[in-house]
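Data first, discussion second: the structure below is written as structure tokens.
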Amino acid sequence: MSDNAVEPGAPSAKEADKKSDKVTKKEVEVPRNVVSAAKQIDHTILRLNKLLANPGGLSALLSTFNYTLYIAAYLQTTSPSLSNYARRLLALVKSQPLGEKPPTKILVSDGVVPPIAALAGLISRARTTLRLLGLFPLYAWLRTLLAGRKSSADPVLHRIALLQCLSYITYQALENISVLADNGIVSKKAIALINRGDSTTARVYLWAYRAWLGGVSCDFLRLAREAQLESRRRAAREHMREDGRAVAEYQDEEDARVDKKWWTDLMITSAWFPMALHFSSSTGGLPGWNLGWMGLCGLVAGSSRASTLWAATLHP
């Protein structure tokens, strides 16, 4: 029988080659997709590693993840079977009627909250633990401020910065004491000594949050003063133009950059303010406050910093 002979109905060699090519192409497409996905995952992991290596990268990542989980936990309340769990978590996370903050060890209990909320509580405790070291950069900032302002610096802005720094130091010190006391490191006697005989940390947390509120409020004062100074500068520059005097080039681009930064800072401060106001209240906080609002405010407040740090990981 000739090699070229084929059985009736069987494809010819040329047709078989064409079909084989099609099969090969399909088989190659799958590995390419897998390789592409693997490369994307590898690229993302390397960017995350670079983010964690940046100053503030870990804090930004945990903050973004934490507040995203709070929103997800709140959205679970739409399920009737999970609404009771979410209410229990909210009762633990938000301030108690007397301003009491629960010990971090009971923020989330196994079997009480769903996994998403439990993970949110775990990350929240991790962030609180990392803030135990927060006094060191605050001390460095205070030392710089006490060294005196530069001759070109505005004295009002310098005083506002000093007040804000002292507020944040007070907040961080009181929170650290409370966290250490909740974990049995600081004795109840020490808490009673600074808390008018009360050995619980409720009032200490409350005053810590009030100091935080003071620090956040200082940003509104700073922004108001910066707007006032910038308005004066632009008015003076406009007078120079009217008089025919030379004005620096690219000033419009610089004005746009200043405006963008000012509005971003205002957005961040406005997002932190309701959260600080809620936790600093001794009467239950803001009406209608829940995990969804807390997650949204936290995401808005940290979005600019997180996006900037994440974008920086694209560069070698």
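Coordinate-derived values only; no laboratory data. The shown structure was predicted, so the numbers you read here are calculated from the model rather than taken from an experiment. Cβ coordinates were reconstructed from backbone atoms using ideal geometry, including for glycine residues, and neighbour counts include every protein chain displayed.
Taking the conditions (1) polar (S, T, N, Q); (2) loosely packed, with under 14 Cβ neighbours inside 10 Å; (3) within 27 Å of residue 285 (Cα to Cα) in turn, residue 200 satisfies each one other than (2).
Scanning the stretch 141-188 for residues that are in contact (Cβ under 8 Å) with a residue 40 or more places away in the chain, farther than 27 Å from residue 230 by Cα and not in a helix (DSSP H, G or I) yields a single hit, 183. Scanning the stretch 283-316 for residues that are of a type in the set (Gly, Ala, Ser) and surrounded by fewer than 17 Cβ atoms within 10 Å (Cβ to Cβ) turns up 284, 288, 304, 307, 311, 312.
Among the residues making up the stretch 30-71, those that are outside any helix (DSSP H, G or I) and at negative phi are 54, 55.
For the stretch 222-275, the set of residues classified as surrounded by fewer than 10 Cβ atoms within 10 Å (Cβ to Cβ) and touching a residue at least 60 places away in the same chain (Cβ under 8 Å) is empty.
Within the stretch 189-208, residues that are under 19 Å from residue 169 (Cβ atoms) reach partners that are part of a helix (DSSP H, G or I) and among the aromatic types (Phe, Trp, Tyr) with beta carbons closer than 8 Å, at six or more positions or on different chains, in the pairs 208/171. Filtering 286, 309, 277, 266 for residues that are closer than 19 Å to residue 209 by Cα, in a helix (DSSP H, G or I) and not polar (S, T, N, Q) leaves a single hit, 277.
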